[in-house]
Amino acid sequence: MPSFDYLELPVVGARSLAWQGDVLVDWLNCTSVYELNGNTTSGGIHYGYRFDSVVQSPSGDYTVLYERRGTKGVVLRGQEVLREIDRSYYQADLYDYPIALFDLPDGRAAVAHCPARYNQLEIDLLETGQRLTARTEGQVKPVDVFHSGLAVGGAGAGAGAWLISAGWIWHPCYEVTFYSLEDALREPASLDQDSGAITNVAEIASAVFLDADRVAVASDPDAEDLVDPDYPDARLRPGMIGVYRPGLEDWETLAAITEPMGRLLAVDAQHVLSLFTHPKLVHLPTGRIVERWPQISSGNWTGCITQSTASEPPIAWDPIERRLAVASSEKIQILSLSDRPSAPPDAATP
């Protein structure tokens, strides 16, 4: 079972966090840099506006500042503004801005987002804004889904890589859909179809890639059960966590959970961090919570249409080094994957 080391930095008033190597950058607080030894320096650059969220490309060369429940974002290369981006105004104040940064097979940085319509995914180059998924006139109208929670699985986004949308549909309820990136770049209209949804399950609000073709998903114990009662092979129900393989359209594992999971972060092939209220290490095959850090307040996010966003703290996850940073008003708390041996999952407390 993975073990984590704990560290506190005495930082007051952090507004955003993003890992860059072994330091944390606060883009929304004059591009301040927080070192792990406690030193803080200011870059002196203030980008203004109502930006409250940050996402970085895998290389760290590009950053997007955006308003989570608004329509505006700005693309940076280093500290240079390249251009502004937008999304549809429609219901934008009700759900999280859909955006994911990733690398194409040739190494170019790209962005998946919804710049024109709430239900139309696009893929653009980050450097130039060139659209890679332009549709031809008369192609299929996009299905009626509000895209959010975008993520890309698979290094280099090559063959077998997937784009995931953990969004929602009216009335409202959560829905997770998958899109082949290879198909999307070859035939952009495939992004407008609805063939990649996980069907006949309880509504799923939380999802994270474990690798290129394995996704951990969770349904809240109070989630709406969308399963057709006449369908004999219903699998994921309210209050469950599972590992889904979109390439096979099948489940690898399923297990019961007793509390909401909130945001999920991939730790290894069998473990995720759940961030609802505080970080928890979850063993996927059994659903057991094998370690908790109740001293870290990580927010009450339960899905892209979570009603209140006021309590959401700045959070940064380093997927390479497996490091989590969470800011409060007076400090930054960090969990870092360590090499220390620890008890197996069946020895942990529930």
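The values are calculated or read from the model by the stated rules, or taken from the named source; none is laboratory data. The model shown is predicted, which means the values in this text are computed figures rather than measured ones. Neighbour counts are summed over all protein chains in view; Cβ atoms, including those assigned to glycine, are modelled from backbone coordinates with ideal geometry.
Data table
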read-out	value
Cβ-Cβ under 6 Å pairs, at least 6 apart or on other chains, segment 155-183 side among the polar types (S, T, N, Q), far side at pLDDT below 95	Ser165/Thr177; Thr177/Gly196; Thr177/Ala197
Residue within segment 276-289 that is in a loop (DSSP other than H, G, I, E, B) and of a type in the set (Gly, Ala, Ser) present	yes
Matching residues, segment 239-266, being buried (at least 22 other Cβ atoms within 10 Å of the Cβ) and within 15 Å of the chain's Cα centre (by Cα)	Met261, Gly262, Arg263, Leu264
Tally of residues being without any contact (Cβ under 8 Å) to a residue 60 or more places away in the chain and either on the phi > 0 side of the Ramachandran plot or outside any strand (DSSP E or B) (or both) across segment 236-257	7
Candidate set from segment 136-156 (those that are over 24 Å from Tyr95 (Cβ atoms) and out of contact with any Leu (no Cβ under 9 Å at 6 or more places or on another chain)); member that is modelled with the lowest pLDDT	Ala155
Looking only at segment 258-275, and only at residues there that are of a type in the set (S, T, N, Q) and in a loop (DSSP other than H, G, I, E, B), the one that is farthest from Ala197 (Cα to Cα)	Thr258
Val326 being within 30 Å of Thr40 (Cα to Cα), touching a residue at least 12 places away in the same chain (Cβ under 8 Å) and within 20 Å of the chain's Cα centre (by Cα)	yes
Matching option when the condition is over 16 Å from the mean Cα position of the chain (by Cα) and either farther than 26 Å from Ala18 by Cα or β-branched (Val, Ile, Thr) (or both), among Ala92, Ala134, Ala109	Ala134
Residue match in segment 13-31 (condition: under 30 Å from Val282 (Cβ atoms), assigned to a strand (DSSP E or B), in contact with a Gly (Cβ under 6 Å, 6 or more places away or on another chain) and not hydrophobic (A, V, I, L, M, F, W, C))	yes
Residue list for segment 117-135, restricted to those being outside any loop (DSSP other than H, G, I, E, B) and either without any contact (Cβ under 8 Å) to a residue 40 or more places away in the chain or of a type in the set (D, E, K, R) (or both)	Glu122, Asp124, Leu125, Arg131
Total residues in segment 28-62, condition farther than 18 Å from Ile334 by Cβ and touching a Ser or Thr at 6+ places or on another chain (Cβ under 6 Å)	5
Residue that is farthest from the chain's Cα centre (by Cα) [pool: residues in segment 267-290 that are under 22 Å from Ala310 (Cβ atoms) and in contact (Cβ under 8 Å) with a residue 24 or more places away in the chain]	Pro279
Cross-chain or 6+ apart pairs with Cβ under 7 Å, segment 211-232 first and at negative phi, then at pLDDT below 90 and β-branched (Val, Ile, Thr)	Leu226/Val201; Val227/Val201
Residue pairs meeting the criteria (Cβ under 9 Å; at least 6 apart or on separate chains; first free of Cβ contacts under 8 Å to residues at least 24 places away in the same chain, in segment 138-154; second in a strand (DSSP E or B) and not basic (Lys, Arg))	none
Residue list for segment 290-304, filter: assigned to a strand (DSSP E or B), touching a strand residue (DSSP E or B) at 6+ places or on another chain (Cβ under 7 Å) and crowded, with 21+ Cβ neighbours inside 10 Å	Val290, Glu291
